[in-house]
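Participant: Sharing a structure, written as C-alpha cells. Questions coming.
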C-alpha cells in the first residue's frame, strides 16, 4: 500500500492521542510521536493496538519498540500488509 | 490551635438531579430518581428498580482532556470526576493551573473496582488476548482511580487518599479531609465519594434478599425508609463532592462560605454485642453519634435536623432508637429526621457524600426536604418519636445544625455535624 495512503489513515489513528491537531495535519516521516506530537509514551501501545485492529495485522513487541517516528509507524504497518 | 473548617464548594451527580441546581430543585420538591430497569427482568432479579443518574457521558468532554476522555469507561469514575470538578469550580477555583497545589489534597471513596471494566479485562485475558488490553485499563481498575483522575486534573499536591468503608465511605472521607485541615496538614481538601451499581453488584445484593422487590410496577414508591410497608433498599448510583477549607484560607481568598463542618466521629462496633458483618452494634452507633456531637462542641438539644442513614430495611427502627439514646431526645423532643434515600435510593459508598451535599443545601436554603413514601410510618418508630418529626412535605424552617450519619457493612459508623457558618464562631 502507498505510504501516502497509510499516512492519511495513520492521522486518524493518532488523533485521539494528541491535542495538537494542527501539527497532526502536517506530520511527515520524521515527526517524533512523543517529542513532537506530545503523545504520552504509555499511549503508544494503544496506538499500536488501534492500528492492529484497523488493518487486521499483528505487530510484535520487538517491532513495536522500534516505533519512535511516524515513518517507523508506516514502515511497521506497510511491512505487515504487503 | 483549633482550626475551623468550612465548606466552599458543592458538586453532585444524583439519580434525581445532575448538578447542584437540579438536585436542589428535586430534593425541595420530593422528586424521585428511582426508575424501572427492564434489563433486570431479563436477568431474573427479584428487584427491578434502581436509582441511576440521567448522565450524559459526552458531557465529560468538558471535564477531562480529549485524550483522557478517549478510552474512559468507568461510570463511577465519570460521576466522581464531574462532582469533584463541579465542586472545585463552584468554590471559585479554576482548572488549567500549571503549578502543583501543595496545600490542597483529596480524599475520595468508592466501594468496588468497576465490575464492567474488570469484566472486559477478564474476558480479554481468558481469551488469550491480554496484548489487546492497552494502557488505559489499569488506571481505571485500581482502587485509587478516581483520586488519580481528580488530583491530576486539578494539580493537587497534598495527600491523595482513596478510601473504602462500605456505606460509611462518603461520610468517612469527608471526616478525614476535615481532620487533615484541622491538624494543619492541608489548607484545602476535595472530599467525596462515588458509586456505580452495575448488574453484578445489584445481583449480589438481590441474592441477599435485602432489596425492595414489591414496587417494580411503581418505582418511585419503591424506596420507603421508616415506612411500615418498607421491604428493603433500592440501590442507587452517583457521586457527591465538597470542597473543605481552612476558614482563614477561605477568608483570605474571599471565598463564599456555604456552611461549617463543626466536627465528626468515625468508629466500629467491632462486630461484637449484636454487631456483625451486616448489622451495626448499637453501642458503636450511639458512641459514634455522641463522639461526633462532643467533637463539634454542640449540645445535643441544638441539633435541628437529622439526616439519617435510614435505608428502608428492618434496621431503620433500631437506628431511630440509637439516635434517641445518643442525643437523649425522644417523643416530641426529637428533632426532625429525613432520609434522602426515599428519593434516590441507597447509593452505598456515594450515600454519605450526596446526603452531605443535601445537608449543606438544607442549611444554606433553610429547609427540610420531605421524606417521600412515608404516608404509613412504622408504628415501632412512632413509639419512639412524634409523627411531626417525620416531615412528608418540604418544611421551611431555621436550620442551624444538622447531624448526618451513615453505617456500613463491617460494622463501621461515621457521623458529621454541619452548621450554619457564623463568623463569630
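The numbers here are math on the coordinates, done by the rules we state, and not lab data. All values reported here derive from a predicted model rather than from experimental measurement. Every residue, glycine among them, receives a Cβ derived from its backbone with ideal geometry; neighbour counts consider all protein chains shown.
Participant: Just tell me how shielded B:127-133 is by partners: mean number of partner chain Cβ atoms within 10 Å of each residue's Cβ, no decimals.
Facilitator: Across the residues of B:127-133, the mean count of other-chain Cβ atoms within 10 Å is 2.
Participant: Between residue B:41 and residue A:41, what is the FRET efficiency for a Förster distance of 41 Å, r being their Cβ-Cβ separation, to the nearest 0.05?
Facilitator: So, using R0 = 41 Å, E works out to roughly 0.30.
Participant: Hey, another quick one. Taking the Cα atoms only, what angle lies between the long axis of helix A:3-14 and the longest principal axis of chain A, rounded to 10 degrees?
Facilitator: Relative to chain A, helix A:3-14 is tipped by roughly 60 degrees.
Participant: Still on this structure, please answer the following. Could you work out the relative contact order of region B:264-419, using alpha carbon pairs under 8 angstrom and six or more residues apart, expressed as a whole percent?
Facilitator: 36
Participant: Evaluate the Debye formula for region B:5-259 with equal point scatterers sitting on the alpha carbons, no solvent, and hand back log10 of I(q)/I(0) at q = 0.14, 0.16 Å⁻¹, in q order, two decimals.
Facilitator: Taken in order of the listed q values, log10 I(q)/I(0) reads -0.99, -1.21.
Participant: Given q = 0.22 Å⁻¹, what are the Debye log10 I(q)/I(0) values for region A:1-57, with equal point scatterers placed on the Cα positions and solvent ignored?
Facilitator: -0.88
Participant: Any chance you could give the angle, 0 to 90 degrees and rounded to 10, that helix A:44-55 forms with the longest Cα principal axis of chain A?
Facilitator: Helix A:44-55 and the main axis of chain A meet at about 50 degrees.
Participant: Follow-up question, since we're still on this one. Over chain B, with a single point scatterer placed on each C-alpha, what log10 of the ratio I(q)/I(0) does the Debye formula yield at q = 0.07, 0.08, 0.10 1/Å?
Facilitator: Each listed q maps to, in turn, -0.30, -0.39, -0.62.
Participant: Also: Quick one: if you take sqrt(5λ) for each eigenvalue of the C-alpha gyration tensor of region B:157-238, what semi-axes come out, biggest first, whole angstrom?
Facilitator: 35, 14, 10
Participant: For region B:183-235, what is the relative contact order in percent, using Cα pairs closer than 8 Å and at least 6 residues apart in sequence?
Facilitator: That works out to 30 percent.
Participant: How high is the FRET efficiency from residue B:333 to residue B:25, r the C-beta distance, R0 30 Å, rounded to 0.05?
Facilitator: Approximately 0.40, to the nearest 0.05.
Participant: Just counting partner chain Cβ atoms within 10 Å, what average do the residues of peptide A:43-50 show around their Cβ?
Facilitator: Mean shielding count: 4.
Participant: Something else about it: What number, in percent, do you get for the relative contact order of chain B if the mean sequence gap of Cα pairs under 8 Å and at least 6 apart is divided by its residue count?
Facilitator: 24
Participant: With runs of 4+ DSSP H residues as the only contributors, calculate the mean residue ellipticity of chain B at 222 nm using -39,500 (n - 2.57) per run, divided by the residue total and rounded to the nearest 500.
Facilitator: Counting only the DSSP helices, I get -9500 deg cm²/dmol.
Participant: Place a point 7 Å from Cα of residue B:207 in the direction of its Cβ. Which residues in region B:34-48 have their backbone N less than 15 Å from it?
Facilitator: Counting only backbone N, you get B:43-47.
Participant: Still on this structure, I have one more. Mind checking the angle between helix A:70-80 and chain A's longest principal axis? C-alpha axes, 0 to 90 degrees, to the nearest 10.
Facilitator: Orientation of helix A:70-80: about 20 degrees from the principal axis.
Participant: Other chains' Cβ within 10 Å of B:107-114 residues: what's the mean?
Facilitator: That average works out to 0.
Participant: In addition: So if I take the centroid of the Cα atoms in region A:1-46 and the same for region B:368-425, what is the distance between those two points in Å?
Facilitator: Region A:1-46 and region B:368-425 have Cα centres separated by 56 Å.
Participant: Another question, if that's okay. If we sort B:240-248, B:211-219, B:344-352 on the protection proxy, mean other Cβ atoms within 10 Å, highest first, what's the order?
Facilitator: B:344-352, B:240-248, B:211-219
Participant: Taking just the alpha-carbon atoms of region B:205-313, what radius of gyration and Dmax come out, in angstrom?
Facilitator: Considering region B:205-313 through its Cα atoms, Rg and Dmax are 18.6, 54 Å.
Participant: Counting pairs of Cα atoms in region B:1-141, how many percent are more than 19 Å apart?
Facilitator: The proportion of pairs with Cα distances above 19 Å equals 66 percent.
Participant: Sticking with this one: With the crude spin-label approximation of a point 7 Å out along Cα→Cβ, what separation in nm comes out for residue A:61 versus residue B:388?
Facilitator: 7.4
Participant: May I ask for the Kirkwood hydrodynamic radius of region B:264-419, worked out over all distinct Cα pairs and given in angstroms to one decimal?
Facilitator: Radius from the Kirkwood sum: 15.3 Å.
Participant: Percentage of Cα-Cα pair distances in the protein assembly as shown greater than 37 Å, rounded to whole percent?
Facilitator: Counting pairs separated by more than 37 Å, the tail of P(r) holds 33 percent.
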